[in-house]
Amino acid sequence: MSKAFTREDDDAPERPLVATLPVLPPGTRNLLTPAGSTRLREELDQLTAERARLQSLSPDTAAPTRLAAVDQRLAVLRASLAGAEIIPSPPRPWDQVRFGATVTVRAGAADAERYRIVGVVEADPANDAVSWISPLARALLNRRVGDRVPFRFPPDEETLEIVAITYE
């Protein structure tokens, strides 16, 4: 193969992707639910133990690459927890949507869906955990059971009826 078709860094070790913190708009508080804080702290403890184990392995293994990935995730977790404000569930009665709520909604005759309103670093849309700064969460916050909330799910606008509100 001609040298013109190779890169000088082809033999360089592969670098892991840089993990970054979720971006908060300026002036936005870094909120966490108590359960989210616990999950992040547990992950931090597990990765700290894994890091110690990886440091004891031979550098000839895949340990250096994994160690770099662990270090990056540890940095993200530490920064997330350092600037976090843990918001407990509000006292009963749970009749209003607040941070940390699991909100059950129904759009027309469709099946009910549930969304949990969580911090930016906890958001996991695949598991129905939406960030409190997301458009859906903003539409639901401060609403009550029975309220009808117009919301635009592209390409259509629907009216969501709040069926239930629960907290951990």
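Some notes on this structure:
- Number of the condition not met by residue 97 [criteria: (1) within 17 Å of residue 166 (Cα to Cα); (2) among the β-branched types (Val, Ile, Thr); (3) surrounded by fewer than 16 Cβ atoms within 10 Å (Cβ to Cβ)]: (3)
- Residues that are surrounded by fewer than 17 Cβ atoms within 10 Å (Cβ to Cβ) and under 20 Å from the mean Cα position of the chain (by Cα), drawn from the range 105-127: 113, 114, 124, 125, 126, 127
- Any chance residue 82 is under 23 Å from the mean Cα position of the chain (by Cα) and modelled with pLDDT of 90 or more: no
- Unmet criterion (only one of (1) surrounded by fewer than 16 Cβ atoms within 10 Å (Cβ to Cβ); (2) hydrophobic (A, V, I, L, M, F, W, C); (3) in the same structural domain as residue 55 (by TED's automatic domain parsing); (4) more than 23 Å from residue 28 (Cα to Cα)) for residue 70: (1)
- For residue 115, the conditions (1) over 30 Å from residue 166 (Cα atoms); (2) at pLDDT 95 or above are fulfilled apart from (1).
- When residue 152 is tested against (1) outside the structural domain of residue 46 (by TED's automatic domain parsing); (2) under 30 Å from residue 51 (Cα atoms); (3) more than 14 Å from the chain's Cα centre (by Cα), only condition (2) is not met.
- Qualifying residue in the range 21-34 (condition: at pLDDT 95 or above, part of a helix (DSSP H, G or I) and more than 18 Å from residue 134 (Cα to Cα)): yes
- In summary, residue 130 fulfils each of the numbered conditions (1) surrounded by 13 or more Cβ atoms within 10 Å (Cβ to Cβ); (2) on the phi > 0 side of the Ramachandran plot with the single exception of condition (2).
- Criterion: in a helix (DSSP H, G or I) and in the same structural domain as residue 162 (by TED's automatic domain parsing) - qualifying residue of 110, 126: 126
- Cβ-Cβ under 6 Å pairs, at least 6 apart or on other chains, the range 135-155 side on the phi < 0 side of the Ramachandran plot, far side basic (Lys, Arg) and in a loop (DSSP other than H, G, I, E, B): 149/143
- Looking only at the range 148-159, residues that are closer than 13 Å to residue 108 by Cα and either surrounded by 10 or more Cβ atoms within 10 Å (Cβ to Cβ) or modelled with pLDDT of 95 or more (or both) come to 5 in all.
- Residue count for the range 81-102, restricted to those that are within 26 Å of residue 43 (Cβ to Cβ) and outside any loop (DSSP other than H, G, I, E, B): 6
The values are calculated or read from the model by the stated rules, or taken from the named source; none is laboratory data. Worth saying up front: this structure is predicted, and the values here are computed from it rather than measured. Virtual Cβ from ideal backbone geometry, glycine too; neighbours counted across all protein chains shown.
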